[in-house]
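Visitor: Mind looking over this structure? Questions follow.
The values are calculated or read from the model by the stated rules, or taken from the named source; none is laboratory data. Since we're looking at a predicted model, the values are computed, not measured. Cβ placement follows ideal geometry from the backbone for every residue including glycine, while neighbour counts extend to all protein chains displayed. The area values use the complete protein model at the heavy-atom level, side chains included, leaving out ligands, DNA and RNA. Shrake-Rupley method; radii C 1.70, N 1.55, O 1.52, S 1.80 Å.
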Amino acid sequence: MKYMLIMRATDETFAAFQDADFGEIMDAMGKFNDEMIRAGVLLAAEGLDPDPESGVVVDYSSETPVVTDGPYGETKELFGGFWMLNVASKEEAVEWAKRAPMAGPGSKAEIRRVTTIDEFPQDNEWIQKERAWRAETGQL
């Protein structure tokens, strides 16, 4: 099963790590990622730009979507990055999340199961087109 570990940070989190050595941060993240690679569970991992002003929000509340430049309305818990894991259970995903580096005051990991294309009706034309695209690009 695939699970996404979504890392969220608050102003408190950023304050706690503002004086941290970037090399030490990279070393801790690198070691953790390597551990997951060696365990065969890491599928992908990416960080996001920590500056909320670099992003935009597309709000679908009205008939025409409205695009708003950052900062977001609520930056109490900014989505900072993710790990995509292939593990046997939610419990295993939780165990990996508990070991994540750079976890501290105000930081959280949200764990969400990622649905697979196999869970959708296979006779649907759009699912069939997506399966063909995934097969063509080596994603199946």
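Visitor: Out of all the residues in the range 2-23, which are of a type in the set (S, T, N, Q) and either assigned to a helix (DSSP H, G or I) or farther than 24 Å from residue 113 by Cα (or both)?
Guide: Listed by number, the residues that qualify are 13, 18.
Visitor: Among the numbered conditions (1) assigned to a helix (DSSP H, G or I); (2) farther than 17 Å from residue 81 by Cβ; (3) open to solvent by less than 60 Å² (accessible area, probe 1.4 Å), tell me where residue 57 comes up short.
Guide: (1)
Visitor: Considering 94, 114, which residue is touching a residue at least 12 places away in the same chain (Cβ under 8 Å) and surrounded by fewer than 14 Cβ atoms within 10 Å (Cβ to Cβ)?
Guide: Values: 94 fails: surrounded by fewer than 14 Cβ atoms within 10 Å (Cβ to Cβ).
None of the other options fit; the residue is 114.
Visitor: Which one is farthest from residue 107 (Cα to Cα) among residues in the range 1-23 that are in contact (Cβ under 8 Å) with a residue 24 or more places away in the chain and open to solvent by 90 Å² or more (accessible area, probe 1.4 Å)?
Guide: Among those residues, the one meeting the criterion is 1.
Visitor: Within the range 41-63, can one find any residue that is out of contact with any Gly (no Cβ under 8 Å at 6 or more places or on another chain), within 23 Å of residue 12 (Cα to Cα) and not hydrophobic (A, V, I, L, M, F, W, C)?
Guide: Checking the range 41-63: not a single residue is out of contact with any Gly (no Cβ under 8 Å at 6 or more places or on another chain), within 23 Å of residue 12 (Cα to Cα) and not hydrophobic (A, V, I, L, M, F, W, C).
Visitor: Out of all the residues in the range 70-91, which are part of a loop (DSSP other than H, G, I, E, B), at pLDDT 85 or above and surrounded by fewer than 14 Cβ atoms within 10 Å (Cβ to Cβ)?
Guide: 88, 89
Visitor: For the range 92-137, how many residues are part of a loop (DSSP other than H, G, I, E, B) and not hydroxyl-bearing (Ser, Thr, Tyr)? Please lay out each step first, then the result.
Guide: Within the range 92-137, the first condition is being part of a loop (DSSP other than H, G, I, E, B), and the residues that meet it are 99-107, 115-116, 120-124, 137.
Keeping just the survivors that are not hydroxyl-bearing (Ser, Thr, Tyr) gives 99-106, 120-124.
Of the residues in that region, 13 qualify.
Visitor: When the range 24-45 is examined, which residues are found to be open to solvent by 70 Å² or more (accessible area, probe 1.4 Å), in contact (Cβ under 8 Å) with a residue 12 or more places away in the chain and either part of a loop (DSSP other than H, G, I, E, B) or farther than 14 Å from residue 100 by Cβ (or both)?
Guide: Listed by number, the list holds a single entry, 43.
Visitor: Looking at (1) of a type in the set (A, V, I, L, M); (2) in a helix (DSSP H, G or I); (3) at pLDDT below 90, which one does residue 67 not meet, given that it meets all the others?
Guide: (2)
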